[in-house]
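The values are calculated or read from the model by the stated rules, or taken from the named source; none is laboratory data. Source: prediction; values computed, not measured. FYI the Cβ positions are ideal-geometry reconstructions off the backbone, even for glycines, and counts take in every protein chain you see. Only protein heavy atoms, including side chains, enter the accessible area calculation; ligands, DNA and RNA are left aside. Shrake-Rupley method; radii C 1.70, N 1.55, O 1.52, S 1.80 Å.
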Amino acid sequence: MFKWYRQVSSLERKTFWACFSGWGLDALDVQMFTLAIPTIIAVFGIDKTQAGLISGVTLVASSLGGWVAGTLSDRIGRVRTLQITILWFSVFTFLCGFAQSFPQLIFLKALQGFGFGGEWAAGAVLMAETIRSEHRGKVMATVQSAWAVGWGASVIFYTILFYFLPPETALRAMFMVGLVPALLVVYVRRSIPEPEKRPAPQASGEKIPLVGIFAPEVLKTTILGALLGMGAHGGYYALMTWLPTYLKTERHLSVLSTGGYLAVIIVAFWFGCMASATLIDRIGRRRNVALFAIFCTITVCMYLLLPLSDTEMLFLGFPLGFFAAGIPASLGALFNELYPAHIRGTGVGFCYNFGRIASAGFPVLVGYMSKSMPLGQAIGIDAGIAYGIVVLTIMFLPETTGRSLN
């Protein structure tokens, strides 16, 4: 599984660790919010719909950030854009710890999301253009596994802080931990050069149009890529935004028990990324995405809609996390291989992050639907629809395995 690591150059390894760390620290910042939703509701005096709105606004902002950062990376370079976005989301995550009202929190979360979306776009293109083609699928999927590492770290912080500190103090401390990713910029600045495969950064008087990805020759690709991103993100965020709240409020699990259930899902998510890394270069991008989407739909429905005992939920948490991982683990390689170099950053940033804009309604809809039905049922219905969109969309995209990035 990791044989590729011994075969790549020192530069490829350094770039891998920079992108892996950036994505893992992104996950640390983002997942802290989902864990703290019950406390946010109590501290700021809001309801579930408003809590879902925070998540939705963050996703919309991250989508815009990803599109802008992708375009910026085509103009000033992948590495410089990566540094800017890491600093951006770190600072605004930290500032969320000082919010005193719901409007302040939603404003700061929106700014955090703008940088979060931008980091993935810049990092994904940087990694794809640096790594050799025969390893691109497995390396991009392995980078995605960093989400499980950051997610796991957030659960550890959540469990420790909320066990030892009063809820409001623990909430603010969690956000302030978000400043840690800023330290990664020092490593990126010293160790990672601009990839040679990318055209030289544009002169200040030249422009790269945002609408280039809507040219007739790539319009179909852009539309299908955006729909794929919507389904992938919609399913994930409908499920993972509300899962901690579901475990705590409907399953009545304690902080420690919630952390234990999430630990099973997070470990499984990492293994799912590794399985996707193994399969994606062997069976192709399209089959890999479809396989994981179908099984994820089945597992989500079983986990949330069947009358399971706590023990059964604990064991079913592993396939839930495992199959949820395979779709996002495939998108980095697939989206990069769909576009030529001069609009690659823009295309990757748009497809991946338009999905976030369109998917922003899913967490909000879950919160709204939970007023008239159990929260678990609302999550299951929304996530099932989203993953169904993934299965339908991937059938119309071309197979890109082994495609050269020129």
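Numbers below:
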quantity	calculated
Filtered residues of the stretch 335-353 (kept if open to solvent by 30 Å² or more (accessible area, probe 1.4 Å) and either farther than 20 Å from G123 by Cα or modelled with pLDDT of 80 or more (or both))	P340
Pair list, Cβ under 6 Å, 6 or more apart: the stretch 80-107 residue free of Cβ contacts under 8 Å to residues at least 12 places away in the same chain, other residue surrounded by fewer than 21 Cβ atoms within 10 Å (Cβ to Cβ) and in a loop (DSSP other than H, G, I, E, B)	none
Candidate set: the stretch 39-77, residues that are open to solvent by 30 Å² or more (accessible area, probe 1.4 Å) and in a loop (DSSP other than H, G, I, E, B); chosen: the one nearest to T346 (Cα to Cα)	D47
Pairs where the first residue, in the stretch 173-185, is in contact (Cβ under 8 Å) with a residue 60 or more places away in the chain and the second is open to solvent by less than 70 Å² (accessible area, probe 1.4 Å) and of a type in the set (D, E, K, R), C-beta under 6 Å, 6+ apart	G178/D29
Tabulated pairs, the stretch 313-330, first buried (at least 23 other Cβ atoms within 10 Å of the Cβ), second outside any helix (DSSP H, G or I) and not charged (D, E, K, R), C-beta under 8 angstrom, 6+ apart or interchain	A325/S145; A329/S145
Matching residues, the stretch 1-38, being among the β-branched types (V, I, T) and assigned to a helix (DSSP H, G or I)	T15, V30, T34, I37
Where a residue in the stretch 356-370 is open to solvent by 10 Å² or more (accessible area, probe 1.4 Å) and its partner, wherever it lies, is aromatic (F, W, Y), with Cβ under 7 Å and at least six apart	F362/Y237
Condition met for F107 (more than 18 Å from the chain's Cα centre (by Cα) and open to solvent by less than 60 Å² (accessible area, probe 1.4 Å))	no
Residue within the stretch 175-198 that is part of a helix (DSSP H, G or I), open to solvent by less than 40 Å² (accessible area, probe 1.4 Å) and at pLDDT 85 or above present	yes
Filtered residues of the stretch 111-137 (kept if of a type outside the set (D, E), part of a helix (DSSP H, G or I) and over 25 Å from F350 (Cβ atoms))	H135
The stretch 303-312: number of residues that are hydrophobic (A, V, I, L, M, F, W, C) and surrounded by fewer than 16 Cβ atoms within 10 Å (Cβ to Cβ)	2
Counted residues, the stretch 86-104 - those being open to solvent by 10 Å² or more (accessible area, probe 1.4 Å) and β-branched (V, I, T)	1
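Residues checked against (1) farther than 20 Å from F350 by Cβ; (2) at pLDDT 75 or above; (3) open to solvent by 40 Å² or more (accessible area, probe 1.4 Å); (4) touching a Ser or Thr at 6+ places or on another chain (Cβ under 6 Å):
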| site | (1), (2), (3), (4) |
| --- | --- |
| V211 | no, no, yes, no |
| P216 | no, yes, yes, no |
| G229 | no, yes, no, no |
| Y236 | no, yes, no, no |
| L239 | yes, yes, no, no |
| L247 | yes, yes, no, yes |
